[in-house]
Amino acid sequence: MSSSAQFLNASDAAKRLGVSTKALRLYEQRGLVSPVRTAAGWRAYGPGEMARAAEVVALRALGLSLAQVARVLCGDADDLEPALAAHQVTLEDRVRQLAGTAEKVRGLRSDLAQGRMPPAGELSRLLGPAADLIVAFDLPWPWGGERFELRDIRALNYIIGPLGSGKTRLAQRLAETLPNAAFLGLDRLADGGAAARTRLDADPTLRARVDQSLTWLVEDGAVLSKPLVALLVGLEADGPAILVVDVVEQGLDQATQEALIAHLRRRGPGARPLFLLTRSSAILDLAAVGPDEAILLCPANHSPPTRVAPYPGAPGYEAVATCLASPDVRARTEGVIAWRPQVA
């Protein structure tokens, strides 16, 4: 290397690109990037490889699978045109929304010029976040009826807590209270996901979306399985504006969980909000939680659920960390509950 200052290690390269180091290793395995090696054997990314990796990240953001990315980088534009067309539609939708907002501002200015003040709440609706969802309700059992309020709902919201903490009841209550929300329970796995297969047979559009997601996931290392298909049918189906998913990792191995959460993160901040019940460290990797994600902890002592920041030292961080386990441990202890001695 001519100048070490021009090269980044894998961790710094990943941060600059906005992806994980796992993603960079996957790109390397697929031959999409080729970092050099230092004398000590560490990967190093120079300007050329960073530019190449940035292209990969951009193409992934457009919705291309790794196989499609490889073809585009080799000069095949067949997969790029429909991806750009879809991106154009998204941008045009944003332009229309901004145009509508600009028209409202013009109307308010015209009213002011004529001595009329804006109606109460109009400015906060106009200038506040577009999707500022707020939910409030009295907590069900096992809590004591305390009032619970949740603001600033993110694209990904994790619900976590030890066994018996009430996290499933909280999730169900959220699904009942949030506007146009639905609860995707573990009944999705009944009879090997038979209900999901029936929906796919009856809905070609849904099947196409599920097949596209499966292509992405399998290319990212996921293992095709009935639980994965059943989950994707729920995630990809039209209908609810918000989805609450019970034990999202159920039936999925570690590679599939890692591919799944990476896939869900790629949806971006404007995507349909998801609430994911989980106790898997592959789904909820505390070091990878981004600004469009939030953690809700249901404490063991049945104190009201609280939002926990994803960094060591934050209130509740250690409690969250102790609830998480690797996928292999989760699989071995599935259905196991803590033993409690009988009181005579």
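All of (1) open to solvent by less than 10 Å² (accessible area, probe 1.4 Å); (2) within 30 Å of Gly144 (Cα to Cα) hold for Pro240 with one exception: (1).
Per the listing Arg43, Arg16, the residue uniquely over 21 Å from Ile261 (Cα atoms), in contact (Cβ under 8 Å) with a residue 24 or more places away in the chain and in contact with a helix residue (DSSP H, G or I) (Cβ under 9 Å, 6 or more places away or on another chain) is Arg43.
Would you check which residues across the stretch 249-281 are at pLDDT 90 or above and of a type in the set (Gly, Ala, Ser) and list them? Once the filter is applied, which keeps residues that are at pLDDT 90 or above and of a type in the set (Gly, Ala, Ser), the stretch 249-281 yields Gly251, Ser280, Ser281.
Just to be sure before I move on: is Thr215 open to solvent by 10 Å² or more (accessible area, probe 1.4 Å) and either in contact with a His (Cβ under 6 Å, 6 or more places away or on another chain) or within 27 Å of Val69 (Cβ to Cβ) (or both) in the structure I sent? Criteria met by Thr215.
What number of residues within the stretch 39-89 are of a type in the set (S, T, N, Q) and open to solvent by 40 Å² or more (accessible area, probe 1.4 Å)?
2
Of the residues screened, Leu276 is not one that is closer than 19 Å to Lys22 by Cα and surrounded by 18 or more Cβ atoms within 10 Å (Cβ to Cβ).
Among the residues of the stretch 109-143, those identified as modelled with pLDDT under 75, among the small types (Gly, Ala, Ser) and either part of a loop (DSSP other than H, G, I, E, B) or surrounded by 12 or more Cβ atoms within 10 Å (Cβ to Cβ) (or both) are Ala120, Gly121, Gly128, Ala130, Ala131.
Just give me the residues in the stretch 292-302 being surrounded by fewer than 20 Cβ atoms within 10 Å (Cβ to Cβ) and either within 14 Å of Ile160 (Cβ to Cβ) or in contact (Cβ under 8 Å) with a residue 24 or more places away in the chain (or both), in sequence order. Passing the criteria: Asp292, Pro299, Ala300, His302.
Listed by first and then second residue, the pairs linking a residue in the stretch 170-198 that is under 13 Å from Leu276 (Cβ atoms) and in a helix (DSSP H, G or I) to a residue that is aromatic (Phe, Trp, Tyr) and open to solvent by less than 70 Å² (accessible area, probe 1.4 Å), with Cβ atoms under 7 Å apart and 6 or more places separating them unless they lie on different chains, are Ala171/Phe275; Leu174/Phe275. Looking across the stretch 220-236, the residues that are hydrophobic (A, V, I, L, M, F, W, C) and buried (at least 19 other Cβ atoms within 10 Å of the Cβ) come down to Ala222, Leu228, Val229, Ala230, Leu231, Leu232, Val233, Leu235.
The values are calculated or read from the model by the stated rules, or taken from the named source; none is laboratory data. Everything numeric in this text was worked out from a predicted model, so none of it was measured. Every residue, glycine as well, gets a Cβ built from its backbone with ideal geometry; the counts of neighbours run over all protein chains shown. Side chains are part of the model used for accessible areas, which takes the heavy atoms of the whole protein and leaves out ligands, DNA and RNA. Shrake-Rupley method; radii C 1.70, N 1.55, O 1.52, S 1.80 Å.
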